Amino acid sequence: MERSRIAVAGASGLIGGALVRSLTADGHEVVRLVRREPRAEGEVRWDPERKDVDAAGLAGCDAVVNLAGAGVGARPWTEAYKARIRDSRVLGTAALAEAVAAMDRPPRVFVNGSAIGIYGETGDRAVDEDAPPGEGFLPSVCVEWEGAAAPVREAGVRTVFVRTGLVVSRRGGAWGRLFPLFKAGLGGRMGDGRQYWSFVALHDEVAAIRHLIDTDGLSGPFNVTAPHPLTNREITEAMGRVLHRPTVFTVPAPVLRAVLGEFSGDVLGSQRVLPMRLLESGFTFAFPEIEGAIRAAL
């Protein structure tokens, strides 16, 4: 890929930060969208709640990548925080999509974050991008999140939705909290452990986003999950093997519900998601198996 100018919203997050590091290391120019007054070269201010985007700062961008959104598992799901989860995604996407759609020379691709949460509970049933949305809070947020990108898609810009799974990284996200527990020998399965967790190594998440940016003709939703989802019990055992720690503890479902509230339904829920469109597009996972993904995160 030739040197490109790429705008990234959510550049301070786990995935956004890794993407920015990867792009910068390869010599690309990165424009970071920030909510405060810009303090450095390459920063552009935006206020997603007010739909205020400095579109002039996006001029000349080959791609715009929107990964902004409040952490789903960062706090208990009070009604106020659920509103923040939704608004940070839907309003931010709408603001960027409208700004990009109004540009005289828009970027050639708009990559928007999404999540496998759109499928809801799937149990043992494997699903790909053709599966319909599930029911509940997260599926409804994901549907609105993707729908908010309509202006840029209608403007003729190639639009991609990155439906991300559970990212294996010690830097943040769900795994960022699991690693210290397992390293201390306090890790174990959650609930009955039979629920499927569709994971992806952070390295592969970034590589997939870059693949979707670079590959002309790719549009619509793409599941970004390793091709072999595993149960929570199997992942627990793999964590123990890689970290050489016992995994004898079990967190009972009632305890998770008491601690996590409504979010516990997503920890205990099962999502067996396959990255069919990503594989068909020619993408190759560097860490398709869980043990490799765990080692890559250490």
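The table that follows gives values for the structure above.
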| read-out | value |
| --- | --- |
| Rounded tilt (10° steps) of 137-147 against the dominant C-alpha axis of the chain | 20 |
| Helix 232-243 axis, angle to the chain major axis (alpha carbon atoms, nearest 10°) | 90 |
| Chain lengthening between residue 276 and residue 26 when straightened (0.36 nm per residue, less Cα-Cα) | 87.2 nm |
| From phi via Karplus (6.51, -1.76, 1.60), per-residue ³J(HN,Hα) for segment 56-61 in Hz, x at Gly/Pro | 4, x, 8, 4, x, 6 |
| Sorted peptide list for 211-219, 145-153, 28-36, 129-137, criterion being average Cβ within 10 angstrom, highest first | 145-153, 28-36, 211-219, 129-137 |
| Amide H partners (placed H, <5 Å) of residue 77, local residues excluded | 262, 263 |
| Residue of 163, 125, 108 that the Gaussian network model of the chain assigns the largest fluctuation, springs spanning Cα pairs under 10 Å | 125 |
| Length released on extending from residue 12 to residue 286, taking residue separation times 0.36 nm less the Cα-Cα span | 96.2 nm |
| Gain on full stretching of the segment that runs from residue 128 to residue 219 - 0.36 nm per residue minus C-alpha separation | 31.2 nm |
| Rounded Å value of the spacing that divides the Cα centres of segment 108-133 and segment 1-57 | 26 |
| Long-range amide H partners of residue 112 with built H, under 5 Å | 66, 160, 161, 162 |
| Estimated vicinal HN-Hα couplings, Hz - segment 72-85 in sequence order (Karplus 6.51, -1.76, 1.60; Gly, Pro = x) | 5, x, 6, 9, x, 7, 6, 4, 5, 6, 4, 5, 5, 4 |
| Förster radius 25 Å - calculated FRET efficiency between residue 3 and residue 54, Cβ distance, rounded to 0.05 | 0.65 |
| Top of 160, 273, 242 by mean-square fluctuation, Gaussian network on the chain, Cα under 10 Å | 242 |
| Computed magnitude of the charge dipole of the chain (debye, nearest 20; Cβ of K, R +1, Cβ of D, E -1) | 980 |
| Solvent exposure of the chain as accessible area per residue, Å², 1.4 Å probe | 45 |
| Percent carbon-and-sulfur accessible area, the chain, ignoring ligands, DNA and RNA, probe 1.4 Å | 51 |
| Percentage relative contact order, the chain, counting C-alpha pairs under 8 Å, at least six apart | 18 |
| For segment 197-298, size of Cβ-based charge dipole, Lys and Arg +1, Asp and Glu -1, in debye | 340 |
| Spatial separation of Cα centroids for segment 273-293 and segment 193-258, in angstrom | 11 |
| FRET E, pair residue 181, residue 40, Förster distance 25 Å, beta-carbon r, rounded to 0.05 | 0.10 |
| Degrees separating the helix 173-183 axis from the principal Cα axis of the chain, which is the longest one | 30 |
| Under 5 Å, built H, 5+ apart or other chain: amide partners of residue 224 | 163, 164, 165 |
| Beta bridges per DSSP with both ends in segment 1-105, % antiparallel, nearest 5 | 15 |
| Karplus 3J(HN,Hα) series, Hz, for segment 88-104 with 6.51 cos²θ - 1.76 cosθ + 1.60 (x for Gly, Pro) | 5, 8, 6, 5, x, 5, 4, 4, 5, 4, 5, 5, 5, 4, 8, 6, 5 |
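The values are calculated or read from the model by the stated rules, or taken from the named source; none is laboratory data. All values derive from a computational prediction rather than experimental measurement. Heads up, the Cβs are rebuilt from the backbone with ideal geometry, glycines too, and the neighbour counts pull from every protein chain shown. In case anyone asks, the SASA skips ligands and DNA or RNA and just uses the protein heavy atoms, side chains included. Shrake-Rupley method; radii C 1.70, N 1.55, O 1.52, S 1.80 Å.
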